[in-house]
1. Among Met367, Met205, what's the order by accessible area (1.4 angstrom probe), most exposed first?
2. Filter the chymotrypsin sites (Phe, Trp or Tyr not before Pro) in the stretch 333-423 to those in DSSP coil with at most 15 other Cβ atoms within 10 Å of their Cβ, and list the result.
3. I'd like the FRET efficiency for Val351 and Thr330, computed as 1/(1 + (r/R0)^6) with the beta carbon distance as r and R0 of 25 Å, rounded to 0.05.
4. With the chain treated as a Gaussian network of Cα nodes joined by springs under 10 Å, which of Glu268, Glu379, Glu77 yields the largest mean-square fluctuation?
5. Could you please state, rounded to a whole Å, how far the C-alpha centre of the stretch 20-67 is from the C-alpha centre of the stretch 262-339?
6. Excluding Thr153 itself, what net charge comes from residues whose Cβ is under 15 Å from its Cβ, given Lys and Arg +1 and Asp and Glu -1?
7. In terms of modelled amide H atoms, which long-range or inter-chain residues lie less than 5 Å from the amide H of Leu136?
8. Hey, got a sec? Which GluC sites (Glu not before Pro) in the stretch 116-204 land in a DSSP loop and have at most 11 other Cβ atoms within 10 Å?
Amino acid sequence: MIQEFFHIDPYIQKMAQEAEELCRPAFQRIDENAEYNGCKVLSAFIKKGVSESHFAGSTGYGYGDRGREVLDEVLAEIFGCEDALIRHNFVSGTHAITTALFGVLRPGDEMVSLTGTPYDTLQPVIGIVEGSSGSLKEFGIRYRQLDLLPDGTPDFQGVAQAVQGAKVVYLQRSRGYSLRETLSIATIQKLCQLAKQANSQAIVMVDNCYGEFVERQEPTQVGADLIIGSLIKNPGGGIARTGGYIAGRRDLIEQCACRLTAPGVGKEVGCTLGESRELFLGLFHAPTVVACALRTAVFAAALFERLGFQVFPKWDVPRSDIIQAVRLGTPEGLVAFCQGVQRGAPVDAFVTPEPWDMPGYDSQVIMAAGAFTLGASIELSADGPMREPYAAWMQGGITWPSGKTGVVLAAQSLLEAGLLQPQ
Ligand SMILES: *Cc1c(COP(=O)(O)O)cnc(C)c1O
C-alpha cells in the first residue's frame with residue numbers, strides 16, 4: 001500500500017512484506033497487551049469519576065484544582081500504587097527523576113544503582129561527572145553502583161552486598177543508549193525482592209522511561225516504591241506537550257511534591273493552565289500509541305535483519321521498552337538510515353539531517369526527528385553517534401502507517417545510497 005504514495009523499490013517492497021508476515025504473531029501479542037492496558041486505563045478513568053469539569057484549567061496558585069487531583073488518582077490507580085504526581089511543570093524526564101532523588105535523599109544518605117552507570121543526563125545530577133553544580137554529591141549524598149555483568153544482565157549475586165546501608169536503590173528499566181537488555185518486569189521484581197531481603201528499609205526507585213504500557217504490569221506492581229517517567233514518551237500518548245510523573249508510595253510522593261513546589265505546600269499548589277485535558281487524553285491513548293511504537297520497532301527489527309544488519313533486540317523476543325537499535329556498521333549507512341526515517345516524518349519531512357557536534361558528546365551525532373512536539377520520542381525518531389558500531393537507536397511511531405513508512409523509507413534510503421545489494 002505504501003508504494004501508492006511513496007517511491008519504494010520492488011526489492012524493498014518484497015522484503016517489507018515478508019518482514020510484516022513474519023511479525024504477525026508478535027503483533028498479536030502487542031495488540032493483546034494494548035487491549036489489556038487500554039481496559040486498565042479506561043477502568044481507572046471510570047473508577048475515579050473523570051468528568052468534563054476536570055479539564056478546565058486553573059491559574060495562579062491553582063488551589064483546589066480537581067482536575068490535577070483526579071489525574072494524580074487516575075495514574076496511581078493505573079500503576080497500582082498509593083499516589084502520584086503527574087504535572088506539566090516537570091520540564092523533562094530528567095527533571096522528574098531529579099525531583100524524586102532530591103525529594104527523598106538527605107545529606108549523608110547513600111544511593112546505589114543496580115544497573116550500572118545511569119542514563120547520560122542523570123550523571124551530572126548524581127555528580128558522577130566533574131563540575132556539575134548543585135549535584136547530589138555537592139549536598140553530601142554518596143553514590144555507588146553495581147555494574148552489569150559482561151553480558152549486560154544484572155549481577156543478582158551482588159545485590160545483597162551492594163544495597164547494604166543504601167537509602168535509595170536505583171534501577172533503570174530501559175537500555176538507554178547501550179546495547180544491554182532492557183529489564184523485564186519479572187527481572188525488576190526479582191531485583192526488588194533481593195534488595196528488600198537484604199535491606200528492608202531501602203527505597204527502590206525505577207527510571208521507568210520508555211517502559212510504560214509495554215508489559216501488563218508496572219514496576220510499582222512488583223515491589224518498586226517509586227517510578228518516574230516523561231510525558232513526551234509513552235504515558236503522554238503523543239498528545240501531552242510536556243511534563244513528567246512520579247508515582248508510588250504516598251509518603252514518598254509527598255516528599256517529592258515538597259521538592260517540586262515547596263515544603264509546607266507540596267501537592268496543594270500548581271495551576272494547570274489549559275494542560276489537564278491533554279494529559280488526560282494522552283494518558284487515555286497511551287496503551288494504543290505504545291502498541292504502534294512497538295509494532296514499528298518489531299517490524300524494523302525483522303526488516304533490517306532480513307536486509308543483513310544486526311538488530312537489538314531481535315523481532316521475536318519479548319520486549320519491555322520501545323527502543324530498537326539497528327547496527328548499520330558504516331558512517332554512510334547511519335546517515336542514510338536517519339535521512340530515510342526523516343523522509344517519512346509528518347512534520348519537517350523536507351529537512352535532511354546531517355551529523356553535527358552536539359554539546360556534551362565526544363563524537364558527532366545524527367538525528368532524525370520530525371515531530372509535533374519538539375524532542376518527543378514517542379513519535380518516530382532515530383539517532384546515533386558517528387562512531388563504531390554506527391548504530392541507530394530508533395523509537396516511537398504514534399500511528400502504524402507512519403511508523404511502518406518511516407522504517408521502509410529508511411531501507412529505501414540505504415538502497416538509493418548503494419548500501420544494499422538486492423539478491
Ligand atoms: C529519556 C530518558 C530519561 C529522561 O530523559 P529526558 O530527555 O530528560 O526526558 C531518563 N532515562 C532514560 C533511560 C531515558 O530513556
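1. Numbers: Met367 80, Met205 0 Å².
Per-residue accessible area, sorted high to low, gives Met367, Met205.
2. Working: sites: Phe337, Phe350, Trp356, Tyr361, Phe372, Tyr390, Trp393; in loops: Phe350, Tyr361, Phe372, Tyr390.
Taking the stretch 333-423 and a limit of 15 other Cβ atoms within 10 Å, the loop chymotrypsin sites (Phe, Trp or Tyr not before Pro) found are Phe350, Tyr361, Phe372.
3. Working: r = 22 Å, r/R0 = 0.90.
Computed FRET efficiency for Val351 and Thr330 comes out at 0.65.
4. Of Glu268, Glu379, Glu77, the Gaussian network model singles out Glu268 as fluctuating most.
5. Each part reduced to its Cα centre gives a spacing of 17 Å.
6. Values: positive: Arg173, Arg175, Arg180, Lys190; negative: Asp147, Asp151, Asp155, Glu181.
For residues surrounding Thr153, the net value is 0.
7. Ile126, Gly127
8. Numbers: sites: Glu130, Glu138, Glu181; in loops: Glu130, Glu181.
Passing both the DSSP loop test and the Cβ count: Glu130.
The values are calculated or read from the model by the stated rules, or taken from the named source; none is laboratory data. Remember, predicted model here, so these are calculated numbers, not experimental data. A quick note on method: Cβ atoms are made from the backbone with ideal geometry, for glycine too, and the neighbour counts reach across all protein chains shown. What goes into the accessible areas is simple: the full protein's heavy atoms, side chains included, and nothing from ligands, DNA or RNA. Shrake-Rupley method; radii C 1.70, N 1.55, O 1.52, S 1.80 Å.
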